[in-house]
Amino acid sequence: MECSVAIQVLPMDSATDEDTIRVVDAVIAKIQEYDVNPYVGPFETAIEGDYDTCMEVLRQCQLTAAEAGCGQVMTYAKINYKPGGAVLSTEKKVGKYHEQER
């Protein structure tokens, strides 16, 4: 796994909290269609995999928000890329803090 990305999608024109949640839920559902080991958090979703797949998922996040009726979407991404190598996995970074949840 050469890439990890933290993605935060913010619908800019949502009238209500429920509408924001609806759009974000649609984006998360789209992310879950890919083999990128998504880790959903309260502010962002982390994914990991090969670079091209991660970049396609990032692109699809914006398109999915628009398809869900979002007229303007702000997307923030933190990208960790190590060509020819392996980045730290989400499990290695935070797994010890979530052992009780398993």
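The values are calculated or read from the model by the stated rules, or taken from the named source; none is laboratory data. Keep in mind that what you see is a predicted model, and the values were worked out from it rather than measured. When we count neighbours, we look across all protein chains shown, and the Cβ atoms used for this are built from the backbone with ideal geometry, even at glycine.
Of note:
For every residue, the table says whether it meets (1) touching a helix residue (DSSP H, G or I) at 6+ places or on another chain (Cβ under 8 Å); (2) modelled with pLDDT under 95.
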| position | (1), (2) |
| --- | --- |
| CYS54 | no, no |
| GLN60 | yes, no |
| ALA66 | no, no |
| VAL73 | yes, no |
| ILE79 | yes, no |
| LYS82 | no, no |
| HIS98 | no, yes |
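- Top-ranked residue in segment 16-68 [being among the hydroxyl-bearing types (Ser, Thr, Tyr) and closer than 13 Å to VAL5 by Cα; ranked as surrounded by the most Cβ atoms within 10 Å (Cβ to Cβ)]: THR45
- When the residues of segment 80-102 are filtered to those that are in contact with a Phe, Trp or Tyr (Cβ under 9 Å, 6 or more places away or on another chain) and of a type in the set (A, V, I, L, M, F, W, C), the one that is surrounded by the most Cβ atoms within 10 Å (Cβ to Cβ) is VAL87.
- Failed item, numbered, when GLU48 is tested on (1) under 9 Å from the mean Cα position of the chain (by Cα); (2) part of a strand (DSSP E or B): (1)
- As a summary of the residue check, TYR76 satisfies the conditions (1) among the hydroxyl-bearing types (Ser, Thr, Tyr); (2) crowded, with 16+ Cβ neighbours inside 10 Å; (3) within 10 Å of the chain's Cα centre (by Cα) except for the one numbered (2).
Here is a yes/no grid of residues against (1) part of a helix (DSSP H, G or I); (2) more than 11 Å from the chain's Cα centre (by Cα); (3) over 18 Å from THR90 (Cβ atoms); (4) not aliphatic (A, V, I, L, M):
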site	(1), (2), (3), (4)
VAL5	no, no, no, no
LEU10	no, yes, yes, no
ASP13	no, yes, yes, yes
ASP19	yes, yes, yes, yes
ARG22	yes, yes, yes, yes
ALA26	yes, yes, yes, no
LYS30	yes, no, yes, yes
ASN37	no, no, no, yes
PHE43	no, no, no, yes
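- GLY85, sole failed condition from (1) free of Cβ contacts under 8 Å to residues at least 40 places away in the same chain; (2) out of contact with any strand residue (DSSP E or B) (no Cβ under 9 Å at 6 or more places or on another chain): (1)
- Figure legend. Inter-residue proximity from segment 7-22: first residues farther than 22 Å from TYR39 by Cα and at pLDDT below 95, second residues of a type outside the set (D, E, K, R) and assigned to a helix (DSSP H, G or I), beta-carbon distance below 8 Å, spacing 6+ or different chains. Indicated pairs: SER14/THR20; SER14/VAL23.
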